[in-house]
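See below for the structure under consideration.
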Amino acid sequence: MKIAFTTKGTEWESKIDSRFGRANYFVFYDEDTQELSSINNKDNENDAHGAGPKAAQILFNNKAQVLITGNGPGGNASTILEKIGVVCYIEAQEITIKEAYNLFKEGKLKKFY
Amino acid sequence: MKIAIASGKGGTGKTTLSTNLASYLSENNKVVLCDLDVEEPNSALFLKTEIIHQEKKYKGIPEWNKNTCTLCGNCQEVCNYHAVIQLGDTIMVFPELCHSCYACSDLCPTNSLPMINNETGTLTHFKTNTFDFVESRLKIGEEQAVPLIKQTLKYIDNNFSDEFHKIYDSPPGTSCPVIESTKNADFVILITEPTPFGFNDVKIAIETMKALNKNFGIVINRYGVGNDDVINYCKKNNIPVLAKIPNKKEIAELYSKGELLWNKIPEVKTELENIKNFIFSNIKN
């Protein structure tokens, strides 16, 4: 399973970025290959409109099945994420990617949809 | 002449000034007042009007035709607002993000994104005893004011010659709807109140008008409350203060009844005269 995180950096110890569309990075963890990869999303930060759908498209293109984030995506992004069947977990605030992943595995993150 | 009345901060007297200035000028001039604050038009509350024309307004939103689409991806690349998104073999359109620029539609090699009309609001043309009044009202749920403002300005241009003094009651703030409402004006009046909030927001509005290269001046409303920060700032930066409308209970009372002020309160008439004289002597028609 491939899991996407909204993050402020690209390492396991990097913090989660609580924003979705305007997150600094998307980090992907592929549980099958145990590989960690990332996409720089800083350009999206300055988009006046449509950062959410654009970010959802990045998840689609990277075949993410699960999203772990903070505040939760907005309406437009959620339309896409629900359509493509990404399962979304929220309220990973002020913690590292590693900690968020562990909470997810323990079933302690809140499911958004 | 086109005179836009804007403010930065909301609730500083744009509509009060617009309606009174229109009525005052219409004594000796041909005047059309236009309420461009389409998200919450309220000039009509102060006017006795009769409707002479009404029309629905629309904007185009692309609609995807999957049968002819070749999935080339041009549409999503040219969209500045990510309103068109390609997901594998699907194109999704987000109408609320669309700015109706037609780029995706016009640049689609197979015409698979035809623009479909969506209602954005209603334009109404009224007559008062002495001047014309045009108002547009955004449909509830519609997020974008600019397309309707643009069409309303076009209606004014098409229906009123240059003989008319055109007064635009603009939206508050300094974002796109304000830019659209003021960018073609010959003169912009920024109305503010002499409070810290008013001062903060009028400074932003001043910067905006400077960036647009506008000829503009300041009117202070509710003069007597707050402090002298606005006046001192204008003095220091050579910005003309056209008028000071006093803070009076009588004004608030008339306003609360939806009545005009200038024909009942002499000081208001004097201040409108100051505004008129300044603008007419500084701007050629």
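Observations on the model:
- Anisotropy class of the protein assembly as shown from Cα gyration tensor, a/c 1.5 cut: prolate
- Taking B:131, A:5, A:104 and counting other C-beta atoms within 10 Å, the order from fewest to most: A:104, B:131, A:5
- Per-pair calculated FRET efficiency, R0 = 25 Å: residue A:62 and residue B:110 via Cβ, rounded to 0.05: 0.30
- Residues of region A:53-76 with amide N under 19 Å of a point placed 7 Å along Cα→Cβ from residue A:104: A:55-74
- Residue-wise HN-Hα couplings along region B:5-20, as the Karplus relation 6.51 cos²θ - 1.76 cosθ + 1.60 with θ = phi - 60° gives them from phi, are 10, 10, 8, x, 5, x, x, 9, x, 4, 6, 4, 5, 4, 5, 5 Hz; Gly and Pro carry x.
- Simple rule: put +1 on each Lys or Arg Cβ and -1 on each Asp or Glu Cβ in chain A, find the dipole, and look at A:29, A:5, A:70; the Cα lying farthest toward the positive end is A:70.
- Cα gyration tensor shape for chain B, rounded if a/c is under 1.5, else prolate or oblate: prolate
- Region A:4-113, dipole about Cα centre (Lys/Arg Cβ +1, Asp/Glu Cβ -1), debye to the nearest 20: 320 debye
- Full-stretch length increase - residue B:96, residue B:77 - with 0.36 nm per residue and alpha-carbon distance subtracted: 5.0 nm
- Note on residue B:67 and residue A:32: with the Förster distance fixed at 45 Å, the Cβ-Cβ geometry gives a FRET efficiency of about 0.75.
- Computed over chain A: relative contact order in percent, which uses C-alpha pairs under 8 Å that are six or more apart: 30 percent
- Here's how it looks for residue B:2: its modeled amide H is under 5 Å from those of B:166, B:186, B:187, which are all 5 or more places away or on a different chain.
- Database note for the protein assembly as shown: Cys without another Cys beta carbon under 4.7 angstrom, A:88, B:34, B:69, B:72, B:79, B:98, B:101, B:108, B:176, B:234.
- Taking the fewest neighbouring Cβ atoms within 10 Å as the starting point, the ordered list for B:3, B:191 is B:3, B:191.
- Charge dipole of chain B about the Cα centre (unit charges at C-beta), most positive-ward option of B:153, B:36, B:268: B:268
- Where labels lie 7 Å past Cα in the beta-carbon direction, separation of residue B:163 and residue B:117 in nm: 3.2 nm
- In sequence order, calculated HN-Hα J values of region A:13-24 (Karplus, 6.51, -1.76, 1.60; Hz; x Gly/Pro): 8, 5, 7, 5, 8, 6, 7, 9, x, 10, 4, 5
- Within straight-line cross-link reach of residue A:108, lysines at Cα separation under 18 Å, skipping those fewer than 8 residues along the same chain: A:15, A:98
- From its DSSP helices (H runs of at least four residues, each -39,500 (n - 2.57)), chain B gives a residue-normalised ellipticity at 222 nm of -9500 deg cm²/dmol.
- Derived scalar couplings between HN and Hα for region B:80-87 equal 6, 10, 6, 7, 10, 10, 9, 10 Hz in order, rounded to whole Hz, by the Karplus curve 6.51 cos²θ - 1.76 cosθ + 1.60 (θ = phi - 60°), x for Gly and Pro.
- Counting, for every residue in B:80-86, the Cβ atoms of other protein chains within 10 Å of its Cβ and taking the mean gives 6.
- Peptide A:52-60 shows a mean partner chain C-beta count of 4 within 10 Å per residue C-beta.
- Close amide H contacts of residue A:38 (hydrogens built in the peptide plane, cut-off under 5 Å, sequence separation of 5 or more or a different chain): A:28.
- Among beta bridges that DSSP assigns inside chain B, antiparallel share in %, nearest 5: 45 percent
- Distance between region A:4-20 and region B:132-189 - C-alpha centres, whole angstrom: 44 Å
- For chain B, the longest principal axis of the alpha carbon atoms and the long axis of helix B:146-159 meet at an angle near 70°.
- Database remark: amide H of residue B:221 closer than 5 angstrom to the amide H of B:192, B:193, B:245 (H placed geometrically; neighbours at sequence offset of 5 or more, or on other chains; Pro and chain starts carry no H).
- Listing B:50, B:55 from fewest to most neighbouring C-beta atoms within 10 Å gives B:50, B:55.
- Three-way shape label, region A:2-111, alpha-carbon gyration tensor, a/c 1.5: rounded
- Helix axis angle, A:51-61 relative to chain A longest principal axis, alpha carbon, degrees: 50 degrees
- Label point of residue B:248 set 7 angstrom out along Cα-Cβ; within region B:254-285, amide nitrogens under 15 Å from it belong to B:254-256, B:259-274.
Every number here is computed from the coordinates shown, using simple stated rules; none is lab data. Since we're looking at a predicted model, the values are computed, not measured. So basically every Cβ, Gly included, is an ideal-geometry build from the backbone, and we count neighbours across all protein chains shown.
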